[in-house]
Each structure stands twice: as C-alpha cells, then as structure tokens.
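Remarks on the structure that follows.
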Amino acid sequence: GKYDQASSFYESALKIRERFLTANHSGIVSILRVLGYTYIQKRDFEHAEEVFRRLETLSFGQPHYVKEWCDAVRFLAQMYVMTRHYEDGEHYIYRALDQFEQAEIDNEDCRSALIKSLVRCHLGQKKFVDAAREMPTIASMTFSKALKKLENTQSVATIKELMGGLK
C-alpha cells in the first residue's frame, strides 16, 4: 500500500536498467508494467498513461511483449472504469484487443478480462446494444473455461474411465 515509495523505487530501478540494457529488454518491460500499475494505485493517471504508451511502443511487433502490454492495458482500462472515464477505457481496450489478434496470442484470461472491462465501458456510456453484443463472447469464454476445469477434475476422469470400461 506504500505506492509513493514503491513508484520511487521502480523509477530508480528503471533508470539503472536503462543505462545497462537495450530499450526493448524484458527487464525494462517488466519494470514499466509494475511502475504503470503502481501509478494507477496512486491515481497518477497521467504517468500511468505515459508508461503504457511506452509499453505499447515496445510491444509493437514483439509478440512476447504484447501480453505484458495487454495486462498493463487491462489495469489502465480498469482505472478508467473506476474513474468513470469510459471512452478512454474503451479506446485502450480496443487497441489491446487489436494487438492481441495481430500477435495471435492465446491467453483467454487476459482477453476475457479486457472484454469484461469493455462491457463495463459500454454500460457506463449507456451503450446497451454494444454491451449486449459482447455478452455471448463472455458467456462462451466463461463456459469454455468451466468446461476445461470440469474436464480436469478427478470425478470426470473417473466417470470417463468407468464409461470406457463399459464398452
């Protein structure tokens, strides 16, 4: 909860890493992500946006960094939802979803969180039709995740074994 102190430490760590690492090194990307999150917690949205813009620049064309940026954008979008700046949140969410698709990243948890935040933005702007359009996607993702969990439970494995033995 000591975000002022944490952001100061992260800023120092970032300066040190920038002296010794290349601009798009994973050590810089990881610090930027947590620094942006720290700024959000401090409600320092201006600096948070700067950090996320920089992360976006680093992630462009680098599939292994797109997930980092999408996670960061998810935090930024949640910040906008919390502060009722729904249009700004919507803007960043669409950008993250576009990057996700371009990089062909298969991370349903992050994508699901982005779409849920998008629905909140639509609802906050009273765009009920747009929100309703996203609901089947959320339902499908939720159902798919639940089905995967169910498939991996011991009882389902036992039932499959028994059913296989009855052939």
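Some points to look at:
- Residue count for region 14-40, restricted to those that are touching a Phe, Trp or Tyr at 6+ places or on another chain (Cβ under 6 Å) and either open to solvent by 70 Å² or more (accessible area, probe 1.4 Å) or in contact (Cβ under 8 Å) with a residue 60 or more places away in the chain (or both): 1.
Results for (1) modelled with pLDDT of 85 or more; (2) assigned to a helix (DSSP H, G or I), shown as yes or no for each residue.
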{"site": "Ala6", "(1), (2)": "yes, yes"}
{"site": "Arg17", "(1), (2)": "yes, yes"}
{"site": "Leu32", "(1), (2)": "yes, yes"}
{"site": "Ile40", "(1), (2)": "yes, yes"}
{"site": "Ala48", "(1), (2)": "yes, yes"}
{"site": "Phe52", "(1), (2)": "no, yes"}
{"site": "Glu56", "(1), (2)": "no, yes"}
{"site": "Gly61", "(1), (2)": "no, no"}
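- Listed by first and then second residue, the pairs with beta-carbon distance under 6 Å, at least 6 apart or on different chains, first residue in region 140-156 and at pLDDT below 70, second part of a helix (DSSP H, G or I), are Val156/Leu150.
- The residues on offer are Phe100, Phe75, Phe143, and the sole one that is among the aromatic types (Phe, Trp, Tyr) and open to solvent by 50 Å² or more (accessible area, probe 1.4 Å) is Phe143.
- Test: Asp106 is loosely packed, with under 11 Cβ neighbours inside 10 Å, at pLDDT below 75 and of a type in the set (D, E, K, R): yes
The values are calculated or read from the model by the stated rules, or taken from the named source; none is laboratory data. Computed from a prediction, not measured in an experiment: that's the story for all the values here. All Cβ positions, even for glycine, are placed from backbone atoms using ideal geometry, and neighbour counts span all protein chains on display. Side chains included, ligands, DNA and RNA excluded: accessible areas come from the protein's heavy atoms. Shrake-Rupley method; radii C 1.70, N 1.55, O 1.52, S 1.80 Å.
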